[in-house]
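I have placed the structure first, in the form of C-alpha cells, so that the comments after it can refer back to it.
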Amino acid sequence: MSVDDPTQGNNSWTVANSAALYGLDRWGEPYFSTNARGHVLVQPRGDRGGSLDLVELVQELQSRSLNLPLLIRFDDILEDRLERLHGAFEHAIAQYGYSGRYQGVFPVKCNQQRHVVEQLVESGRRWHFGLEAGSKAELLIALSLVNDPEALLICNGYKDQRYIETAILARRLGRQPVVVIEQPDEVERIIRSSREIGAAPIIGVRAKLTTRSTGRWGSSVGEHAKFGLSVPDLLSTVEALREADLLGDLRLMHFHIGSQINDIAVLKDALQEAGQLYVELTKLGAPMGYLDVGGGLGVDYDGSRTASAASTNYTLQNYANDVVATVRECCEPHGIDMPILVSESGRAIASHFSILVFDVLGAGAVPGIVPKQTEDEPLTVRNLRETLAVIMATANGPDADGSYLQEAWNDAVKFKDDALAAFRLGYMSLPERVMAEQLTWACAEAIMSRLVCSTTIPDDLRDLKAVLASTYYANLSIFRSAPDTWAIEQLFPIMPIHRLNEEPTRLGHFADLTCDSDGKLARFIGDGQSKPLLELHNLHKGEAYMIGMFLGGAYQEVMGNLHNLFGSTNAVHIRLAPGGGYQVDHVVRGNTNSDVLKAMEHNPELLLERLRIASEVAIQQGELKINDACRLMDHLEASLRQTTYLQ
Ligand SMILES: *Cc1c(COP(=O)(O)O)cnc(C)c1O
C-alpha cells in the first residue's frame, strides 16, 4: 500500500511556471529561455536569431563520449557580450557628445583558458580590444596573443625589474603594454629600467580612491586597500617621473573599486573622484589621454535588479552612461581633452557564455512506504498508524482542514520522538524503529498531499515540505567547478534543464562527490532572497536528471581546485553554424585520474605496478583468481585514462 502521492504534481503546470519559479525569465535574458518540450533553450546571439535546445545538444555531445559533468562554452555569447559592451559605450558617447572614444581590455585573470582568451582577442579585433595582465604568465599571454598595435595591454599587479623591462622591450614588437604603477617603489624600478634600456614604457598610475564599494569587495578599496597609490604617493610619483624626464610617458590613470559593484551610486562617487584626479594629473603636466575605470561591472545573477550581493541596480547602458557623462563633466569645465575611456570588465564579459551541466546520481529521498502491520507492534508504532489513518480520513484538496492536520502532525512528531527514546533505551528493535520512521514520513506525505491546493496552510505545516526535502547527489565537485559558492557564498542560477513542463514536486539540495561536508549546493535564487532548497523533480529510474549551473564563466574554472583529486571537467566550445545547427569548435578533455595524480607528484605507472605485484602475491597465496586479478588491473588502468567523475 502507498499513501496517495503528493508528488504527482499539477497537470496544468507549464514551462512558463518553471521559468518563473527558477527566475529564468529574469536572469536568463537574452540568452536562455525554455521551449515547448520543457527544455532550456539557448539563444547564443541573444535576440538576433538562432537557438539551440540545450538538452539535445548535451545528448549529442554525450554520444561523442563527452560525459557529464560538461562545461559548454558558447563563443557566440562571448562575442555578443563584447558587442553589447561596445554598443553601450558607443551609444553613451554619441548621446553625451563625448569627444573621446572607448577602448576596453579583458582582464585575463577572469578566465585564462586558451580558447577563451583567443576567442576574445579575435572577436574584439574590430574594436582594438586588448587584455589586462596581473602577473608574468598573464603578461606572456597578453603579449603573445594580441598583435594589434592599437590594442592596449594593461599591466597591473606587482612588478619586478624583469616584468618592467619585458614591457618596455615589447613595444618594439609593435605591442602597447601600459605599465601601471601600483606601488610607490615601482617608480624607482621603472626609472632604472628605462635608463638601462634607453626607452620608456607607456606609464600608468593606479589611484587608491577613498570611495568604497558596497558588498563583498567593498574593502578592496579605500586607504587600506592592497593596491594603488594614495594621493601623496601619486603626487610624489609624478614628481619622480618629472625628475627622471619620464613624465611625458605618463598616459593613463587607473582605478578599480572591486568586483561586482552592486550599487550604481558607488560607481558615480568613484568616477567623480577619479575624474578630478585625472584632471589634476593633467594640470601637473602629464600628457595623459587614457582613463581606465577598472572592472566591477556587475552581473545580475538573481535577476532582481537590486543592489543586493547577487544583483546590480543598473544596466550595462546605465553603467556606460555614467562613466561617459561623469568623465565629461569633470573634464569640460577645465578645458581638458576628454580621455579615451578604458574598462577592464571581466565578470560582465565572461559570466554568461558557459553553462555547467551535471547529472544527478541519485536522491536520498524519503520513501513513501507504509510498512505492513505485524502482530505485537509497540505502542508508538500503533499510535503512528492511527495518526496516519486520521490524516487519510481528512478530506483531500482545498477543503483540507489545516488545524486538524496540524494537530495530527504534532502527534506524529511526538510518537516518533517516543520511538527514538524507546530505541535508545533498548526497548525497541531496529525493524520496529524503521517502521516508526516510515510511518512518520508517510504521515508527512499524506498531510502534504492534502495541503497541495489548500489556501489556509498553518505556519508549522509550511515547513513540512522542507522536512521532506531530499539530498540530490551531483556528479560534480563544487571545489573544482563552482568554488565561489563555497568560498564567498556566491549565488548562481541552478535549475534542471529539462522536464520544465512538469511540476517539480520535491524540495532538495545538491551534495557533490567530495568527502567534504561543505561540498554542497544549498543556496538558490529565490523570490527576493536566496533559499536553501530548490524545487526539483522525482528521479525516474534509468533516466538522467540533468541540472545546469548558469552564469559561471568568470573566475570559477580558474579558482577551482583539486580537492579530493577531482579534476577539470570536459569542456566544449559551441558556435551556431552558418547554415543552422551548431559546430563544435574545440573539445577540451577534462583531467584524467592520471593527470591529477601526477599533479600531486605521484607516478601513476608506479602506483599501478605496486598493485600488480600485490595481486601476483595474492594469486600465489590462493587469495585471488587470475581472471579476477585481470579484472582489477583492467579497472585501475581504465580509470587512469578517464576523467575523475563517475561514468
Ligand atoms: C579583477 C580585476 C578586474 C576584473 O574585475 P571584474 O569585476 O571581473 O570586472 C579588473 N581590473 C583589475 C585591476 C582587477 O584586479
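The values are calculated or read from the model by the stated rules, or taken from the named source; none is laboratory data. For clarity, every value in this text was computed on a predicted model and none was experimentally measured. Positions of Cβ are generated from backbone atoms using ideal geometry, with glycine treated the same way; all protein chains shown enter the neighbour counts.
For segment 14-36, a residue qualifies if it is modelled with pLDDT under 95 and part of a loop (DSSP other than H, G, I, E, B), and exactly one does: GLU29. Note on segment 328-358: among residues that are within 16 Å of the ligand (Cβ to nearest atom) and part of a loop (DSSP other than H, G, I, E, B), the one that is farthest from ARG73 (Cα to Cα) is SER343. Of the residues in segment 87-95, none is of a type in the set (Phe, Trp, Tyr), outside any loop (DSSP other than H, G, I, E, B) and under 30 Å from ASP527 (Cβ atoms). For segment 416-443, a residue qualifies if it is of a type outside the set (A, V, I, L, M, F, W, C), farther than 15 Å from LEU388 by Cβ and either in a helix (DSSP H, G or I) or in contact (Cβ under 8 Å) with a residue 40 or more places away in the chain (or both), and the qualifying residues are ASP417, ASP418, ARG424, TYR427, PRO431, GLU432, ARG433. Candidates HIS86, HIS39, HIS115: the one that is within 16 Å of the ligand (Cβ to nearest atom) and either under 30 Å from ALA137 (Cα atoms) or at pLDDT 95 or above (or both) is HIS86. Scanning segment 251-278 for residues that are in a loop (DSSP other than H, G, I, E, B) and within 13 Å of the ligand (Cβ to nearest atom) returns PHE255, HIS256, ILE257, GLY258, SER259, GLN260, ILE261, ASN262.
The lone criterion from (1) touching a helix residue (DSSP H, G or I) at 6+ places or on another chain (Cβ under 7 Å); (2) outside any helix (DSSP H, G or I); (3) of a type in the set (D, E, K, R) left unmet by GLU601 is number (1).
Of all the numbered requirements in (1) at pLDDT 95 or above; (2) buried (at least 22 other Cβ atoms within 10 Å of the Cβ); (3) under 15 Å from GLU132 (Cβ atoms), ARG175 misses one, and that requirement is (2). Mind checking whether some residue in segment 565-580 is surrounded by 16 or more Cβ atoms within 10 Å (Cβ to Cβ), assigned to a helix (DSSP H, G or I) and either out of contact with any Pro (no Cβ under 6 Å at 6 or more places or on another chain) or among the acidic types (Asp, Glu) (or both)? Yes, that holds for at least one residue. In a residue-by-residue description of segment 379-395, the property of being at positive phi, outside any helix (DSSP H, G or I) and away from the ligand (no atom under 16 Å from the Cβ) applies to no position. Of all the numbered requirements in (1) assigned to a helix (DSSP H, G or I); (2) modelled with pLDDT under 95, ALA167 misses one, and that requirement is (2). (1) touching a residue at least 40 places away in the same chain (Cβ under 8 Å); (2) over 32 Å from the mean Cα position of the chain (by Cα): which one isn't true of ARG172, the others all being true? The number of the failed condition is (1).
Restricted to segment 118-157, and to residues there that are within 12 Å of the ligand (Cβ to nearest atom) and of a type outside the set (Gly, Ala, Ser), the residue that is surrounded by the most Cβ atoms within 10 Å (Cβ to Cβ) is GLU132.
When segment 530-557 is filtered for residues that are more than 16 Å from the ligand (Cβ to nearest atom), over 19 Å from ASN501 (Cβ atoms) and of a type in the set (Gly, Ala, Ser), the ones remaining, listed by number, are SER530, GLY542. Whenever a residue of segment 530-553 is part of a loop (DSSP other than H, G, I, E, B) and modelled with pLDDT under 95, its partners that are among the polar types (S, T, N, Q) and surrounded by fewer than 23 Cβ atoms within 10 Å (Cβ to Cβ), lying with C-beta atoms within less than 7 angstrom and at least six residues away or across chains, give the pairs ASN538/THR7; ASN538/THR505. Residues of segment 279-298 that are in a loop (DSSP other than H, G, I, E, B) and within 12 Å of the ligand (Cβ to nearest atom): VAL293, GLY294, GLY295, GLY296, LEU297, GLY298. Considering each residue of segment 85-100 in turn, none proves to be under 18 Å from MET549 (Cα atoms) and surrounded by 14 or more Cβ atoms within 10 Å (Cβ to Cβ). Taken over segment 170-192, the criterion of being assigned to a helix (DSSP H, G or I), touching a strand residue (DSSP E or B) at 6+ places or on another chain (Cβ under 9 Å) and under 21 Å from GLY228 (Cβ atoms) is satisfied by GLU186, VAL187, ILE190. Within segment 612-641, residues that are closer than 26 Å to LEU597 by Cα have Cβ atoms under 7 Å from residues that are of a type in the set (Val, Ile, Thr) and modelled with pLDDT of 95 or more in these pairs: ALA629/ILE619; LEU640/THR592; ARG641/THR592, counting only partners at least 6 apart in sequence or on another chain. Please verify whether segment 352-375 includes one or more residues that are touching a His at 6+ places or on another chain (Cβ under 9 Å) and either buried (at least 16 other Cβ atoms within 10 Å of the Cβ) or on the phi > 0 side of the Ramachandran plot (or both). No. The single condition among (1) surrounded by fewer than 19 Cβ atoms within 10 Å (Cβ to Cβ); (2) in contact (Cβ under 8 Å) with a residue 24 or more places away in the chain that LEU476 does not meet is (1). Within segment 276-299, being farther than 23 Å from ALA240 by Cβ and either surrounded by 24 or more Cβ atoms within 10 Å (Cβ to Cβ) or more than 33 Å from the chain's Cα centre (by Cα) (or both) holds for VAL293, GLY294, GLY295, GLY296, LEU297, GLY298. Of all residues in segment 379-397, those that are within 15 Å of VAL413 (Cα to Cα) have Cβ atoms under 7 Å from Cβ atoms of residues that are of a type in the set (Phe, Trp, Tyr) and at pLDDT 95 or above, 6 or more apart or on another chain, in THR380/PHE415; ASN383/PHE415; LEU384/PHE415; THR387/PHE415.
Close Cβ contacts (under 6 Å, 6 or more residues apart or on different chains) running from residues in segment 241-266 that are touching a residue at least 60 places away in the same chain (Cβ under 8 Å) to residues that are in a strand (DSSP E or B) and away from the ligand (no atom under 16 Å from the Cβ) comprise ARG251/ILE202. Residues of segment 223-250 that are of a type in the set (D, E, K, R) and either more than 13 Å from the ligand (Cβ to nearest atom) or not in a loop (DSSP other than H, G, I, E, B) (or both): GLU223, ASP233, GLU239, ARG242, GLU243, ASP245, ASP249.
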